[in-house]
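A short worksheet on the structure shown next.
The values are calculated or read from the model by the stated rules, or taken from the named source; none is laboratory data. Computed from a predicted model, the values in this text were never measured in an experiment. Quick reminder, even Gly has a Cβ in these numbers, built from the backbone with ideal geometry, and neighbours come from all protein chains shown. Each accessible area value is taken on the protein alone, full model and side chains, heavy atoms only, with ligands, DNA and RNA left out. Shrake-Rupley method; radii C 1.70, N 1.55, O 1.52, S 1.80 Å.
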Amino acid sequence: MSTPNPSAAPNPSEYAGDEVSAIVLDPGYSTTRAGFAGEDVPKSVVPSFYGVLDSGSGPRYVYGENAIHNPLAGLEIKNPWSSDGIVEDWEAASKVWEYAITSRLTGAKPTDPRKNGLNDPSGEDMDVDMEGLEDNEKPLSDSPLLMTEPGWNSAKAREKYIEIAMEEWGTPAFYLAKTGVLAAFAAGKASGLVIDIGASMTSVTPVLDGMVLKKGVQKSSLAGNFVSNQLRLIFEQSQPKIPLTPHYMVTSKTAVDAGAPAQAVYRQFATPPGDSFRRLEEERVLTEFKESVVEIWNGPPGQHRFSQNEDSARSLPGRPFEMPDGWNQVFGVERFKAAEGLFDAAAAFTDEQHPRPKEEQTIPKLIQAAISSVDADQRTMLQNHIVVTGGSSLLYKITDRLGAEINALFPSTRNKLHAPGQVVERKYAAWIGGSILASLGSFHQLWISKKEYEEHGVNIVEKRCK
C-alpha cells in the first residue's frame, strides 16, 4: 500500500477536504465537550446525564442543561457511562453525543417546525427530541470527526465509536485519539506523565512521543464523585446533621444565624421527580461546596499529610457556606478532610455502603505505579513533564499537594508539574489537544475515510488509531 504524500493536498472526496472544519468530540462522565478544530474552547459543553420520562406511550428522553434540571413529575436521571470510565449504554451515549454536536455546532437538519423548540409554550419543559432526527439527513455528513477515548478503552468499544460515527452520523472521515496524548499536546508536550482527575475516574497516563505506554496506564475511582460522597458522609455524620437541600426544593428563605435551623418555605409536588433527579440536584450543591469551601491540605515538607497537622489546621480561619435553604455554617477542619482520601486512604470517611478505599487507589500510588512500569531510562523525562488536567484538578491547592507528594516519592529527581492556571485549559485539555491536532495540515493523512471504513470494516480503527 502506498503511503500518502504528506505535502500533497488530500483528495476532497476521500478526506472531506479542508474547507469544512473538523469537529472534535470529547465525551466524559460529567459533561460532553464538542467544538470545531482550530478553536480555543469547545462551543458546546452539555451534561452527559439525560432524563427519562414515562409518557404513557413508552419512555421519552430529554437532553441538555435546561431539560435535565427541570423538576418534572417522575423524571429519572441516567448516565450512559459506567463508573470505571467505559460506555455502558451505547444507544443513550450516541444520543447525548449527537445532541452535543447538533444543538450548538451543525444544527439539527430540518424537522417539523412544531417540534423545534421555538414554538413551545413558555413554562413547559424545554426538552429536545432527538428521535425525530433519524429520518433526516445524517448530522455529520459534511464534517470529519475526531473523538477522544480513555487510555484503557477496550477494542470492542473503539469499534463501536467508529461504527456510530460512520453509520449513524455519516461522517466522511474519522479519527480516535487518547485523552492522555491530547492533554499532553495541549500543554505543548509530545511526552509526559498526564494526571487526569475527572468526575468518575482519576488516571495517570505515561505518554512517549505522542503514544500512550499502555502497560503504565493507572486508573482509580477516587476522583470528583468520591469527594462528593465524602462530603455526604461528613454532613451525615456531623452532630447535628448538616441538611443537604437542593435549589429546586426551596420556594423562599429567611436569613438565619450560623448553625441555626433553616427557615424556608419548601416546594410541594403532587408527583415529585425521581430520587435520581434529587441526587443530581444535590450534586450541584456539592459542586458549589467543593469550589468554594473544600481545600487540599499541604503542610511543610515531609509533613504534607493532614493527619500530621490537624492541630495546626484548627488555628486557621474557617470558610462560610450557605445552603440553598438558608442554613449556613463556617467550616473549619472539615474542609481539609473531604478530599484527603484522594491522597491517604486511611483518612477517608466510611460507612457500610462506602468501605475504606485501597491504598493503591490513591493518587500518589497511581503515580508511583505508572512511573515504575516504564523503562528506567524514560522515567526522568516523564518526571520532568508532569501534566495536571481534569475538572477535579481545580480543587483549591491540589497542585501544591501533588508536587509535595511527587517530591516525597522521587526525592532525587527534578520533578516539574505543568498545571495551567486557566480553568478552561485545565477542564478541557483533551478537547484543546484534539482541536490542535485536527487542525494541523499534516494530520490529513491520518483520517480514516469513509471509503477505507467500507473496505476494511470497524477493525480498521485498531490498525490506524494506535
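In nm, give the distance between the simple-model label positions of VAL423 and ASN66, each being 7 Å from the Cα along the Cα-to-Cβ direction.
2.3 nm
Where does the range 213-309 land on Rg/Rh, using Cα atoms and the Kirkwood Rh?
Rg/Rh for the range 213-309 comes to 1.09.
Mind checking the dipole of the chain: about its Cα centre, +1 per Lys or Arg Cβ, -1 per Asp or Glu Cβ, Debye to the nearest 20?
1420 debye
Just to confirm a number: summing +1 for Lys and Arg and -1 for Asp and Glu over residues other than ALA419 whose beta-carbon lies under 14 angstrom from that of ALA419, what do you get? Intermediate results must be reported in sequence, preceding the final value.
Working: positive: LYS189, LYS397, ARG401, LYS416, ARG426, LYS427; negative: ASP196, ASP400, GLU405, GLU425.
Charge balance near ALA419 sits at +2.
For the chain, count the residues as N, evaluate 2.2 N^0.38 Å, and divide the Cα radius of gyration by that value, please.
Values: Rg = 23.7 Å, N = 466, 2.2 N^0.38 = 22.7 Å.
That ratio works out to 1.04.
I'd like the distance separating the alpha-carbon centroids of the range 396-466 and the range 244-307, in whole Å.
For the range 396-466 versus the range 244-307, the Cα centre distance is 33 Å.
Would you work out what percent of the accessible area of the chain, with all protein chains in place, is carbon or sulfur (probe 1.4 Å)? Don't skip to the answer; put the middle values down first.
Working: 10560 of 21590 Å².
Carbon and sulfur together cover 49 percent of it.
Leaving out ligands, DNA and RNA but keeping every protein chain, what accessible area does VAL265 have, in Å² rounded to the nearest 10, with a 1.4 Å probe?
Its heavy atoms expose roughly 80 Å² to the probe.
What number comes out for accessible area per residue over the chain if the probe is 1.4 Å? Units Å², please.
Details: 21590 Å² over 466 residues.
Each residue of the chain exposes 46 Å² on average to a 1.4 Å probe.
Could you give the length gained by full extension between VAL333 and ALA73, i.e. 0.36 nm per residue of separation minus their alpha carbon distance, to one decimal place?
Separation in residues times 0.36 nm, less the Cα-Cα distance, equals 89.6 nm.
In nm, what is the difference between 0.36 nm times the number of residues separating SER315 and ALA369 and their Cα-Cα distance? Each step should come with its number before you reach the end.
Values: separation 54, 0.36 × 54 = 19.44 nm, distance 3.60 nm.
Separation in residues times 0.36 nm, less the Cα-Cα distance, equals 15.8 nm.
Modelled label-to-label distance, GLU454 and MET381, 7 Å Cα→beta-carbon offset: nm?
In this crude spin-label approximation the distance works out to 4.2 nm.
Return the calculated 222 nm mean residue ellipticity for the chain, to the nearest 500 deg cm²/dmol, obtained by summing -39500 (n - 2.57) across DSSP H runs with n ≥ 4 and dividing by the residue count.
Roughly -8500 deg cm²/dmol at 222 nm, from the helical runs in the chain.
So how much slack lies between GLN237 and LYS416, counting 0.36 nm per residue of separation and subtracting their Cα-Cα distance, in nm? Mind showing how you got there, number by number?
Working: separation 179, 0.36 × 179 = 64.44 nm, distance 3.89 nm.
Additional length available on full extension: 60.5 nm.
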